[in-house]
Structures are given as C-alpha cells and as structure tokens.
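The values are calculated or read from the model by the stated rules, or taken from the named source; none is laboratory data. Source: prediction; values computed, not measured. Cβ placement follows ideal geometry from the backbone for every residue including glycine, while neighbour counts extend to all protein chains displayed. Note: accessible area is taken over every heavy atom of the protein model, side chains too, but ligands, DNA and RNA are not part of it. Shrake-Rupley method; radii C 1.70, N 1.55, O 1.52, S 1.80 Å.
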Amino acid sequence: MTQAAPRSAILGTGSAVPATVVTNDDLAKIVDTSDEWITTRTGIKERRVLEGDKAASDLARLASERALEDAGLDVADLDAIIVGTCTADYQFPSLACVLEAKLGARDVFSFDVNAACSGFLNALSVSDMFIRSGRVRNALVVGSDVLSRFLDWQDRSTCILFGDGAGAAVVGVSDDDDRGILSSRLQTDGSYAETLYIRAGGSKKPATQETVENREHSIFMNGKEVFKVAVRSMEEISRRVLDDAELCVDDVSLVVPHQANRRIITALAARLSIPMEKVIVNVHKYGNTSAASIPVALDEVRREGRIADGDIVLLNAFGAGFAWGAAVIRF
Ligand code: COA
C-alpha cells in the first residue's frame, strides 16, 4: 500500500523590522512630495529603514529566532533554510547561507529564491514540495529585504513606496491531514522584466563610475503598468489556488496579501468580492517590504489572535519579474 504524501503546515512565525521610522513628512523634506499625496495614492504613512551597520541577514536572523521560538523548535531541528530575497547581504553567497551561519545551523541545506516581492510565496511553495517529497521534515522559510539600500532617494516616484523588514515561518510536517498548505501556485511573465528592475550591478551592466553617476543602481519602475497587471494576476491566481483546494471565495476567513499599495489591495478584494474586514492591511506602517511583507503581516495577525483553528487563509503576492503566486492554508 502506498502512503499519502505528508501535508506541510506553518508551525510558527516571527518577524522583525528596523527601529528607525521614516514618515511621509520626513520624505517631504528630501523630495517634492507630501503626506497627502503618498497617503491617497498608496495608503503608506511611514516605513522602517535599516540602520547603516546592519544587513538583510540581521533582520532575517531575528525573525527566524522568533519563528523557531513560536514553533517550539530548535535550530537543530531544521533540515533546510529557504530565503526569499532580492537584497541579500552579498551578490553571492546566498543570504540563506549567511543566515545559516548566524543561526548556528548544522547539517542543513540553504538557498535563496529571487522572486522579488513574491519571494516568500516562492520559498513557501518550494518548502511545501520538499516536505511532501519526504526529503525535509522542518524548513525555515524567510522573506527578508532591505530595499532602502536600492532606492534613489531623489526619485519621488519610487523612494516613497518601499521599506525594510523580515518575516519567517517554520514549515513542517502537519500532524493533521486536513490542516496545512492546501494548495499553492507560482507564475511568472518575464516579458515584463524591465518594467520593474535595477538596471546596473548585474552581469549585463556591471558597476562603473558611469552607472553610479547615472543612478542606475536603484529601482526603476513603471508604476502604472505594475498596478494594472498586479491586480489582474493576483485575482486570477487566487481563484486558481482556491479551485485547486476545492474551496470558494466565501470559504476564506482571511486574506494576507502582499503589501505594496492599499489601492492594489482594495482593488483585488473588490474583484474577488471579499469584504475588506477579511483582508489584512499593514502597508500604512511599513510600506512595501518586498519578500518580507506577507510573513510580517501573517506573524502580526497570528500574534493578535486573529487566526483561529480551522481558518482558511489566502496568501497572494506580486512583484518584479513579473512573478506572482498564491497559497491557501488551513490553520
Ligand atoms: N509625490 C507627489 N507627486 C508625485 C509623486 C510623489 N511621491 N510621485 C509621482 N508624482 C506625480 C507624477 O510626477 C505625476 O505628475 P504629472 O501628472 O505632473 O506628470 C503625478 O504624480 C501622477 O503620477 P502617476 O505615476 O501617474 O501616479 P499614479 O496614480 O500611477 O500613482 C504609484 C503612482 C507608484 C503610486 C502607482 O502607480 C502604484 O502604486 N503602482 C504600483 C507600484 C507598486 O506597487 N510596485 C511594487 C509592486 S511589488
């Protein structure tokens, strides 16, 4: 008789954001913008910016330690560390390897996935596959990004949008077949690669004095295009993961979407016909923290006791690539 593949579940979560708060009024002192413009167009009021002597791995470490504590597990219980990030400490090695050393993990394999703002969902989905295959029992899944280091602080169209943070989840074999990650899907459309990207610093255009002078090491974005495709794509993939899990929109207890812009989130909720009371929004506090946004929001709602046993939680994300994804979890 063949045994059913084990289901994976989130056993614990943790998050960490820098202490330094940058408000919209602070930004209005350095670029031609206002609290009113930023709030109306994005819903963002403030964001956290990492202090100069720290890197993405420092936030990732804090979030990971909190997730392990929440799960009641030790670092020795981990088989794998998978980090979603596009702002690792180094070009290489991976942030996951740096994190592994900082946590003192041994006998694990660690790697990054770069799907920009979708990074956590990609990492979660990959961990789910490893657990289902039987190769991994417990994985640490992290989203950590420090986009403040890749912003042009003279470009008002991008510097107002992003913030720094890290979130983590310990994902392990579920002890209840009905609970855990019910379905997940990932998708990409690389034809949009240059709609949201950093032009220089990669193999195509390595750093030179000229690239620095031309400010090509910071985010370039066609915001309107991102907005349009994000809403449409997140709606489609959310419906597909719900179908995969044989659930409908009304079954969803809570949506934890990627926090890029309040208007994207409300447009998505409207298209899915999900009331905003069921949709988590914390973008006003942190801005867009890229791969960290979903695990930070998930950790906050779990700690606030907003997720009860049996609740169906829908996660969905969208970002550079374009890369997007969704997952349905029964807690
Ligand atoms: N403060 C004041 N004015 C600003 C501004 C700022 N921070 N940024 C842009 N503007 C100006 C523009 O220069 C433009 O002026 P103009 O009409 O004189 O040319 C005007 O505001 C409208 O700009 P526009 O880009 O059309 O605004 P928008 O309504 O599309 O909103 C975004 C811009 C970026 C907020 C919006 O497109 C967006 O959120 N897109 C998605 C971005 C995103 O989430 N990316 C990450 C995905 S993971």
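Taking a probe of 1.4 Å, how large is the accessible area per residue of the chain, in Å²?
44 Å²
Taking only the alpha carbons of the chain, what extent do you get along each of the three principal axes, in Å, biggest first?
Projected onto its principal axes, the Cα set of the chain covers 65, 45, 37 Å.
Considering amide H positions built from the backbone, and no H for Pro or chain starts, which residues 5 or more places from Gly287, or on another chain, come under 5 Å of its amide H?
For Gly287, the qualifying residues are Lys45, Glu46.
How large is ³J(HN,Hα) for each residue in the range 70-85, as worked out from phi by the Karplus curve 6.51 cos²θ - 1.76 cosθ + 1.60 (θ = phi - 60°), to whole Hz, x for Gly and Pro?
So the J values, rounded to whole Hz, are 4, 7, x, 10, 9, 4, 5, 7, 7, 9, 8, 10, 10, 10, x, 7.
Taking every DSSP beta bridge that has both residues in the chain, what percent is antiparallel when rounded to the nearest 5?
Expressed as a percentage, antiparallel bridges in the chain total about 70.
Give me Rg over Rh for the range 248-306, both radii from the alpha carbons and Rh done the Kirkwood way, two decimal places.
0.95
So, taking all protein chains as they sit and a 1.4 Å probe, how much accessible area belongs to Asp89, in Å² rounded to tens?
50 Å²
Sorting check: for 216-228, 131-143, which peptide has the highest mean count of neighbouring beta carbons within 10 Å, and how do the rest follow?
Ranking, from highest mean packing down: 131-143, 216-228.
Under the Kirkwood approximation for Rh and a Cα-based Rg, what ratio Rg/Rh is obtained for the range 205-274?
Answer for the range 205-274: 1.22.
Over all directions, how big on average is the projection of the convex hull of the alpha-carbon atoms in the range 11-127, in square nanometres?
For the range 11-127, averaging the hull's shadow over all directions gives 8.7 nm².
Return the inverse of the average 1/r over all pairs of distinct C-alpha atoms in the range 101-218, which is the Kirkwood hydrodynamic radius, in Å to one decimal.
17.2 Å
Report the far tail of the P(r) of the range 169-215, meaning the percent of Cα-Cα pairs longer than 15 Å.
It works out to 68 percent of all Cα pairs.
Under 22 Å between alpha carbons, and skipping anything fewer than 8 positions from Lys224 in its own chain: which lysines qualify?
Straight-distance partners of Lys224: Lys45.
Going by alpha carbons, how many degrees (0 to 90, nearest 10) lie between the helix axis of 223-244 and the longest principal axis of the chain?
0 degrees
Return the single residue from Arg48, Arg199, Arg66 with maximal mean-square fluctuation; model: Gaussian network over the chain, springs between Cα atoms under 10 Å.
Sorting by GNM fluctuation, first place goes to Arg199.
Taking the inverse of the average 1/r across all pairs of different Cα atoms in the range 159-292, what Kirkwood radius in Å do you get?
17.5 Å
Quick one: which residues, 5+ away or cross-chain, put their amide H under 5 Å from the amide H of Val113? H built at 1.01 Å from N.
Val83, Gly84, Thr85
May I ask you to derive the relative contact order of the range 1-102, considering only C-alpha pairs under 8 Å and at least 6 residues apart, and to give it as an integer percent?
Contact order relative to length: 32 percent.
How far is the Cα center of the range 27-93 from the Cα center of the range 239-305, in Å?
18 Å
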